[in-house]
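S.K.: I have a structure I would like to understand better, so I am pasting it below and will then ask my questions one at a time.
The values are calculated or read from the model by the stated rules, or taken from the named source; none is laboratory data. All values derive from a computational prediction rather than experimental measurement. For neighbour counting, all protein chains shown are included, and Cβ atoms are generated from backbone atoms with ideal geometry for every residue, glycine included. Quick note on the areas: whole protein, heavy atoms, side chains included, nothing else; ligands and nucleic acids left out. Shrake-Rupley method; radii C 1.70, N 1.55, O 1.52, S 1.80 Å.
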Amino acid sequence: MFSRVSVLRGMLLFLLCGSVASGGTPDALLTKGRALLDRGDFAGAAKTFTKAIAMDRTCAYGYYGRGMALLSAGDCDAAIRDFSETIKLTPHNAAAYRNRGWAYYEKQRMPEALSDLSTAIHLDPRDAAAYCNRGAVYAATQRYDDAIKDASESIRLDSRCALAYSNRSAFYVGRGGDFRQALADANQAITLDRKCSVAYFNRGRAFAQLEKFDIAVRDYTRAIELSPANANFRLFRGCIYFAKGDYDKAISDLSEAIRLDRRLSEGYYWRGMAYFVKQQMREAICDFTEAIHLDPKDAEASYATRSGAYVAEERYDLAIADASEAIRLAPNDYFAYLNRSAAYVRKGNHRQAIADST
C-alpha cells in the first residue's frame, strides 16, 4: 500500500537539530551529507554523517541525518537508534519523532509508531507528513476512520501532497463502500504527481472492488512500470488475472512477486490457487505448503485448498489432516468440510463423510 520511496519524499524535511556553527569541518561534513542524501547516495551520506558525529558526539543533526540515510536504505533498527540519540539531544525535535515513528511502522511495531507520530504532531501540529504517516499506522491496525481523518488533516495542511491523497484513497478502499471517493482521491494524487505509483495502484484497487478488472489491470500495469521492484503491485495484478480466469498470466505475475519478495505468503497462496485450477496439483501443493510455512497463523485457506489437492492426488490421510486443521482454524469453512467428506468417501468411511457433508 505504501511505497517507502514515495513516503520518504514527504519525510525528507531536514530540520537543524541543534546549533551548527558556520564554516569549519563539521559544518562542511553536514552540508555534504545532506547533499548526498538528496542525491540518493544513502551509503555515502551515512559515512559522511558518521565522520561529523566522530568530531562532535553532541551533533544532533549528525545523528538525525545518518538516521535518515539509514531509514532510506532500509536499515530501520539502526535508524531508530540514531533518531533516539537525536531525541535525547533535542527532546522537542518533531521531525526525529516523526521519522522514528515511520521506522517503527516499517518494523511493524505499531504501538511505538503511533506513540512517536502522535508526539510529533503534539510538538508540531502543522506537520502534514506526521499526519500522513500516522494515518498509515491507523490503517495498518484497521482503524480506517482515524486513518481517513489524519489523511484529511494532512491534505488540509498541504493540499499539494499527492501521497496524502493516495493514502486516503487506500483508506477508503480498506474501509469499504466509498469507492467513488477512493477514485476521486487517487485521481487527484495522479494529477499532482503523474509518477506517483501508489496512486495508480490504489486506483486499481478501487476499480477491482468495482469489478472493473480491465481498468484495474491498466492501473496496476502503470504502477509496475513506475516501480518495477514493488512485489505488491505484481501480487495484486496477478490476483486480478486470476479473477479474470487468465491463469497463465496470473502465475507469471505471482512468480515475479515471489522473486521480488520470497516471504510474500499471499503470492504463494494465489499462485497455488492458479495451479490448483489448472489441475497442476504438485505445484499447487508446494505453494500452499510454503504459504503455510510463512504465515501459519493465517493459513486456513491454504490448508483447505491443499486438502483438495491431496484428494485429487489420492493422498486421503493428508487431505483429512489438512481439512481438519483448516476447520480448527475456521470452524465454518465449508470447503474444508467438503474436502474432508470427499476424502472419507474415498476411504470408505461413509458415516463420517455424511457427517461432514451435512
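S.K.: Check off (1) touching a Gly at 6+ places or on another chain (Cβ under 8 Å); (2) within 24 Å of ILE190 (Cα to Cα); (3) of a type in the set (A, V, I, L, M) for ALA250 and give me the number that stays unchecked.
M.R.: (2)
S.K.: Among the residues of the range 177-203, write down those that are among the small types (Gly, Ala, Ser) and free of Cβ contacts under 8 Å to residues at least 40 places away in the same chain.
M.R.: Of the range 177-203, the ones among the small types (Gly, Ala, Ser) are 177, 182, 184, 186, 189, 197, 199.
Of everything in the range 177-203, those that are among the small types (Gly, Ala, Ser) and free of Cβ contacts under 8 Å to residues at least 40 places away in the same chain turn out to be GLY177, ALA182, ALA184, ALA186, ALA189, ALA199.
S.K.: Moving on to the next point. Restricting attention to the range 60-93, which residues are of a type in the set (Gly, Ala, Ser) and open to solvent by less than 10 Å² (accessible area, probe 1.4 Å)? Write out each step before concluding.
M.R.: Of the range 60-93, the ones of a type in the set (Gly, Ala, Ser) are 60, 62, 65, 67, 69, 72-74, 78-79, 84.
Selection gives ALA60, GLY62, GLY65, GLY67, ALA69, ALA79.
S.K.: Another question, then. Can you tell me which residues in the range 94-116 are of a type outside the set (D, E, K, R) and within 18 Å of the chain's Cα centre (by Cα)? Explain how you work it out, then say what you get.
M.R.: First pass over the range 94-116, keeping only residues of a type outside the set (D, E, K, R): 94-97, 99, 101-105, 108, 110-111, 113-115.
The answer is ASN99, GLY101, TRP102, ALA103, TYR104, TYR105, GLN108, MET110, PRO111, ALA113, LEU114.
S.K.: Residues of the range 252-269 being of a type in the set (Gly, Ala, Ser) and closer than 14 Å to GLU290 by Cα, which ones?
M.R.: So the first thing to find is which residues in the range 252-269 are of a type in the set (Gly, Ala, Ser), and the list is 252, 255, 257, 265, 267.
Listed by number, the residues that qualify are SER255, SER265, GLY267.
To keep it simple, each residue is scored yes or no on (1) open to solvent by less than 10 Å² (accessible area, probe 1.4 Å); (2) in a helix (DSSP H, G or I).
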| site | (1), (2) |
| --- | --- |
| ALA120 | yes, yes |
| ALA130 | yes, yes |
| ASP145 | no, yes |
| ALA151 | yes, yes |
| SER154 | yes, yes |
| SER166 | yes, yes |
| GLY174 | no, yes |
| GLY177 | no, no |
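S.K.: Continuing with the same structure: State whether the residues of the range 95-111 include one that is among the basic types (Lys, Arg), modelled with pLDDT of 95 or more and touching a Cys at 6+ places or on another chain (Cβ under 7 Å).
M.R.: Of the range 95-111, the ones among the basic types (Lys, Arg) are 98, 100, 107, 109.
Next, only the ones that are modelled with pLDDT of 95 or more stay: 98, 100, 107, 109.
Adding the requirement that they be touching a Cys at 6+ places or on another chain (Cβ under 7 Å) leaves 107.
Looking for residues that are among the basic types (Lys, Arg), modelled with pLDDT of 95 or more and touching a Cys at 6+ places or on another chain (Cβ under 7 Å), one finds at least one in the range 95-111, hence yes.
S.K.: Given the criteria among the acidic types (Asp, Glu) and surrounded by 15 or more Cβ atoms within 10 Å (Cβ to Cβ), does ASP56 qualify? So that I can check it myself, show each step before the final result.
M.R.: Working: among the acidic types (Asp, Glu): yes; surrounded by 15 or more Cβ atoms within 10 Å (Cβ to Cβ): yes.
Yes, satisfied.
S.K.: Every residue in the range 155-209 that is over 15 Å from ASN133 (Cα atoms), hydroxyl-bearing (Ser, Thr, Tyr) and in contact with a Ser or Thr (Cβ under 9 Å, 6 or more places away or on another chain), please.
M.R.: First, the residues of the range 155-209 that are over 15 Å from ASN133 (Cα atoms): 159-160, 172-197, 199-209.
From what's left, hydroxyl-bearing (Ser, Thr, Tyr): 159, 172, 191, 197, 200.
Correct list: SER197, TYR200.
S.K.: Which numbered condition trips up PRO228, out of (1) closer than 30 Å to ASP287 by Cα; (2) part of a helix (DSSP H, G or I)?
M.R.: Unmet for PRO228, out of (1) closer than 30 Å to ASP287 by Cα; (2) part of a helix (DSSP H, G or I): (2).
S.K.: Can you give me the number of residues within the range 305-358 that are within 20 Å of MET273 (Cβ to Cβ), hydroxyl-bearing (Ser, Thr, Tyr) and open to solvent by less than 60 Å² (accessible area, probe 1.4 Å)?
M.R.: So the answer is 3.
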